[in-house]
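Novice: Please find one structure pasted underneath; my questions will follow.
The values are calculated or read from the model by the stated rules, or taken from the named source; none is laboratory data. The model shown is predicted, which means the values in this text are computed figures rather than measured ones. Cβ: placed from backbone, ideal geometry, glycine included. Neighbour counts: every protein chain shown.
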Amino acid sequence: MSKSAEEEHRRKAFGWAARDSTGVLSPFNFSRRAMEDGDVLFKVLYCGICHTDLHSLKNEWGNTVYPIVPGHEIVGIVTEVGQKVEKVKVGDKVGVGCLVGACHSCDNCTNDLENYCPKTVFTYNAKNYDGTVTYGGYSDIMVANERYIVRIPENIPLDGGAPLLCAGITVYSPMKYFDLNKPGMHLGVVGLGGLGHVAVKFAKAYGLKVTVISTSPNKEKEAIEHLGADSFIVSRDQAQIKAALGTMDGIIDTVSAVHPILPLIGLLKSHGKLIMVGAPDRPLELPVFPLLMGRKIVAGSCIGGMKETQEMIDFAGKHGITADIEVISMDYVNTALDRLAKADVRYRFVIDVGNTLTNAESVTGRL
Amino acid sequence: MSKSPEDEHPLRALGWAAKDNSGVLSPFNFSRRDIGADDVGIKILYCGVCHSDLHSIKNDWGDALYPIVPGHEIVGKVTKVGTNVEKFKVGDHVGVGVIVGSCGNCETCKQDLENYCPQKILTYNTVDHDVTKTYGGYSDTVVVNKNFVLRFPDNMPLDAGAPLLCAGITVYSPMKYYGMTEPGKHLGVVGLGGLGHVAVKLGKAFGLKVTVISTSLSKEKEAVERLGADSFLVSRDPEKMKAAMGTMDYIIDTVSAVHLLGPLLGLLKMHGKLITVGLPNVPLELSIFPLVMGRKLIGGSAFGGIKETQEMLDFCAKHNVTADIELIKMEDINTAMERLVKADVRYRFVIDIGNSFA
């Protein structure tokens, strides 16, 4: 007979979980595993709200196991380390992103691409190797193997740095792999949300010219004046699209909604690359002719491996890059998710777990 | 007032042209420009019949400028060279492929990628710099700028080598560009026609493991026993497709008909590449999720630049790669086109021009 969430591990933990596909979160008592030699335990101070959290809470991909504690942009302070841990010590600022485990023996793992391991274990809503379900960062503490612990640079504030652990790596990894980070190149960024705004910042740090492509004209001022984009195209404006045809070396497309990619392919120069990091849940139309005639590619990319996640956050530290966030209290989270569904946030909610996740809720929250 | 095709240039020429979108070809008198200082005059000996020829004469892409003399897999003998021509002399065997001109100045041309120049001139059905139209290789002669003429390797049969000038380069170029040439890696080839069968031969020459993916089980024996493919996968067999999932490093998709990309993406390993060289005339459905989860890519490619076409010809000569052809006379072209529609050819028709025109 399987144990309850509270009993299956040795260390008590407390968080907020959704119990069904309404996705409404409420207090939840569970447990984290006892420390293994390679583990790091940290007190969670902040956790970013990723759009994936919303998709998962509502079971939009059909794979949610309830109760679900989301959150994979987790930062905090180390409180305990296992005997074999060398990477961090008690008191260090650390984070955990989307992954907490992988097989460590396949080609992908050997090449520091744990994110593409067929047996990868996601930070929440996944099966651990011991058969228990993983719970994410909308919680008070986190235990993870040191391979999945990211050191946060001293100059990166924890709250603004948290979203880099998913949004940051999700755009950094393809910019590197597809060589879209050479000074002077012209990069398009489709969608100005959590992923998009970080992509603009990274691209500017690389010395690229950046054009934001968005359906919302009212984002232009901020894109240019605040984020540093060089130009802005309203994607539904045919004339603006036409004027920019064949001008971009690459495009990072962060949009999850179904949308036409023909205009985006047209914006690319010959040999240009359209990289999808949002995953629409229905197929898109791929026009083959322009792909051929311009030797262009459409590719996908999914988060990043641990080595490059560390590299990404060190890069962010070097260039002073953090996410633009709205810090919220734990009990605001359901409202925040409703607003996120309407893209009403500039540009990431971050839960102030350290100050607002209180055990006092647990008495009334227990079901 | 514009001149007739016969009068617009000084040199008489005879070819076969389609006059309308029935695509029926018939004898056609026209003319070629005089051999200028940079030009090479060529007596055509053979010309391959490419599926693009069929699309063009039927106006499938909506860009037909009738009358169309198709043909861009041209092999012949040099009859005259201009004063600036150093690379070729009278009597040389040469080839002409898909392009006969480009701007020469743009970034793309400077990288020897004339095939992506926005002002490239195609061998047929294109308005040339002098405002006349280009006519292709279903004809007795052609005059081409020296920069767009290929040296034909000595040991390569002229007839079986002709299709390399389009089919060959169309698969060779992406195989090089997308890094699909690491010995031991696994290449899938979708479609076993003119392009596909050359892709199999090139794949084996590169030391790859090759699997042919086809709708027709009847092609298996030939694919494996004659072309040298290592295995054969019937795309309509869901169980076989499932067993092959995640096994291929790269796939060249030569199919022009509308078809599903999802199952092909599933055959790729992580970080795998699906390169399409066929031209469906409507968009295909693409699920983004498998691209994202596997960091896979879909790319396109269109024939190749002149430098790499020469490289391809030399590579094929070295590895004894030529096309499998059925030689026909010019007057049989319409029957051949009807058979091509039904993919009834192993695997390229080649017109014996030298013995067809008096």
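Novice: From the list B:A223, B:A229, exactly one residue is over 19 Å from the mean Cα position of the chain (by Cα) and part of a loop (DSSP other than H, G, I, E, B). Which is it?
Specialist: Criteria check complete, one pass: B:A229.
Novice: Okay, next question. Quick check on B:P163: is it outside any loop (DSSP other than H, G, I, E, B) and either in the same structural domain as B:H72 (by TED's automatic domain parsing) or crowded, with 17+ Cβ neighbours inside 10 Å (or both)?
Specialist: So B:P163 passes the test.
Novice: Against the definition (under 20 Å from B:L284 (Cα atoms) and assigned by TED's automatic domain parsing to the domain that holds A:L192), how does A:L227 come out, yes or no?
Specialist: It is false that A:L227 is under 20 Å from B:L284 (Cα atoms) and assigned by TED's automatic domain parsing to the domain that holds A:L192.
Novice: Residues in the stretch B:262-276: is at least one within 23 Å of B:V49 (Cβ to Cβ) and either charged (D, E, K, R) or crowded, with 19+ Cβ neighbours inside 10 Å (or both)?
Specialist: yes
Novice: Can you tell me which residue is surrounded by the most Cβ atoms within 10 Å (Cβ to Cβ) among those in the stretch A:22-46 that are in a strand (DSSP E or B) and hydroxyl-bearing (S, T, Y)?
Specialist: A:Y46
Novice: Something else: Just give me the residues in the stretch B:4-42 being part of a strand (DSSP E or B), among the hydrophobic types (A, V, I, L, M, F, W, C) and over 26 Å from the mean Cα position of the chain (by Cα), in sequence order.
Specialist: Residue satisfying the conditions is B:L11 alone.
Novice: Another question about this same structure. Out of the residues in the stretch B:286-320 meeting the condition of being of a type in the set (A, V, I, L, M) and over 28 Å from B:G101 (Cβ atoms), tell me which one is nearest to the chain's Cα centre (by Cα).
Specialist: Filtering the stretch B:286-320 for residues that are of a type in the set (A, V, I, L, M) and over 28 Å from B:G101 (Cβ atoms), the one nearest to the chain's Cα centre (by Cα) comes out as B:I298.
Novice: Same structure, new question: So, B:L45, is that one touching a Gly at 6+ places or on another chain (Cβ under 7 Å) and either under 17 Å from B:G137 (Cα atoms) or not in a loop (DSSP other than H, G, I, E, B) (or both) or not?
Specialist: Yes, satisfied.
Novice: Right, something else. B:P10 - would you say it is farther than 21 Å from B:P163 by Cα and at pLDDT 95 or above?
Specialist: No: the conditions fail for B:P10.
Novice: If you go through the stretch B:238-256 one residue at a time, do you hit one that is within 11 Å of chain A (Cβ to nearest Cβ), surrounded by fewer than 17 Cβ atoms within 10 Å (Cβ to Cβ) and among the aliphatic types (A, V, I, L, M)?
Specialist: no
Novice: Scan (1) surrounded by 18 or more Cβ atoms within 10 Å (Cβ to Cβ); (2) touching a residue at least 40 places away in the same chain (Cβ under 8 Å); (3) not assigned by TED's automatic domain parsing to the domain that holds B:G246 for the single condition B:G196 breaks and write down its number.
Specialist: (3) is the only condition that B:G196 fails.
Novice: If I go through the stretch A:202-217 residue by residue, how many of them are touching an Asp or Glu at 6+ places or on another chain (Cβ under 9 Å) and at pLDDT 95 or above?
Specialist: Count: 8.
Novice: How do the strands (runs of 3 or more DSSP E) wholly within the stretch A:135-242 filter down when requiring 2 or more residues that are surrounded by fewer than 24 Cβ atoms within 10 Å (Cβ to Cβ) and under 20 Å from the mean Cα position of the chain (by Cα): which remain?
Specialist: A:141-145
Here's the yes/no breakdown for (1) over 19 Å from A:Q310 (Cβ atoms); (2) without any contact (Cβ under 8 Å) to a residue 24 or more places away in the chain; (3) in contact with a strand residue (DSSP E or B) (Cβ under 8 Å, 6 or more places away or on another chain):
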residue	(1), (2), (3)
A:G15	yes, no, yes
A:V81	no, no, yes
A:G97	no, no, yes
A:S105	yes, yes, no
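Novice: Only one of B:T181, B:T211 is surrounded by fewer than 22 Cβ atoms within 10 Å (Cβ to Cβ) and not assigned by TED's automatic domain parsing to the domain that holds B:S52; which?
Specialist: Only one candidate qualifies: B:T181.
Novice: Going by the conditions given, is B:T276 under 30 Å from B:N59 (Cα atoms), of a type in the set (S, T, N, Q) and outside the structural domain of B:D344 (by TED's automatic domain parsing)?
Specialist: Against the criterion (under 30 Å from B:N59 (Cα atoms), of a type in the set (S, T, N, Q) and outside the structural domain of B:D344 (by TED's automatic domain parsing)), B:T276 qualifies.
Novice: Just one of A:D130, A:D107, A:D140 is assigned by TED's automatic domain parsing to the domain that holds A:S26 and in contact with a Leu (Cβ under 6 Å, 6 or more places away or on another chain); which is it?
Specialist: After ruling out the rest, the residue left standing is A:D140.
Novice: On to the next question. Before we move on, is B:R295 touching a residue at least 24 places away in the same chain (Cβ under 8 Å), among the basic types (K, R) and within 8 Å of chain A (Cβ to nearest Cβ)?
Specialist: yes
Novice: Further question on the same structure: It is to be established whether one or more residues within the stretch A:231-250 are within 14 Å of chain B (Cβ to nearest Cβ), farther than 23 Å from B:R295 by Cβ and among the aromatic types (F, W, Y).
Specialist: The answer is no, given that none of the residues of the stretch A:231-250 is within 14 Å of chain B (Cβ to nearest Cβ), farther than 23 Å from B:R295 by Cβ and among the aromatic types (F, W, Y).
Novice: Another question about this same structure. Test A:L337 against the stated conditions and say whether it is outside the structural domain of A:V96 (by TED's automatic domain parsing) and hydrophobic (A, V, I, L, M, F, W, C).
Specialist: No; evaluated as a whole, the condition is false for this residue.
Novice: Now for a separate question. Are any of the residues in the stretch B:233-244 at pLDDT below 95, outside any strand (DSSP E or B), touching a Lys or Arg at 6+ places or on another chain (Cβ under 6 Å) and of a type outside the set (K, R)?
Specialist: no
Novice: Which residue, of A:K242, A:K273, is out of contact with any helix residue (DSSP H, G or I) (no Cβ under 7 Å at 6 or more places or on another chain) and in contact (Cβ under 8 Å) with a residue 60 or more places away in the chain?
Specialist: Selected residue: A:K273, the only one of A:K242, A:K273 that is out of contact with any helix residue (DSSP H, G or I) (no Cβ under 7 Å at 6 or more places or on another chain) and in contact (Cβ under 8 Å) with a residue 60 or more places away in the chain.
Novice: Got a sec? Which of A:M306, A:M330, A:M293 is over 19 Å from A:H197 (Cβ atoms), hydrophobic (A, V, I, L, M, F, W, C) and at pLDDT below 95?
Specialist: Residue meeting the stated conditions: A:M293.
Novice: Could you list all residues from the stretch B:83-136 that are β-branched (V, I, T), under 16 Å from the mean Cα position of the chain (by Cα), within 14 Å of chain A (Cβ to nearest Cβ) and not in a strand (DSSP E or B)?
Specialist: B:V98
Novice: If you don't mind, another one. Search the stretch B:1-53 for residues being farther than 23 Å from B:V350 by Cα and of a type in the set (A, V, I, L, M), and hand back the single one that is surrounded by the most Cβ atoms within 10 Å (Cβ to Cβ).
Specialist: Result: B:I35.
Novice: Being modelled with pLDDT of 95 or more, of a type outside the set (K, R) and in contact with a helix residue (DSSP H, G or I) (Cβ under 6 Å, 6 or more places away or on another chain) is the filter here, so list the residues in the stretch B:348-358 that pass it.
Specialist: Across the stretch B:348-358, the qualifying residues are B:F349, B:V350, B:I351.
Novice: Of A:L187, A:L262, A:L268, A:L192, which residue is among the aliphatic types (A, V, I, L, M) and either in contact with a Gly (Cβ under 6 Å, 6 or more places away or on another chain) or at positive phi (or both)?
Specialist: None of the other options fit; the residue is A:L187.
Novice: It is to be established whether one or more residues within the stretch B:168-178 are more than 15 Å from the chain's Cα centre (by Cα), at pLDDT 95 or above and over 27 Å from B:K110 (Cα atoms).
Specialist: no
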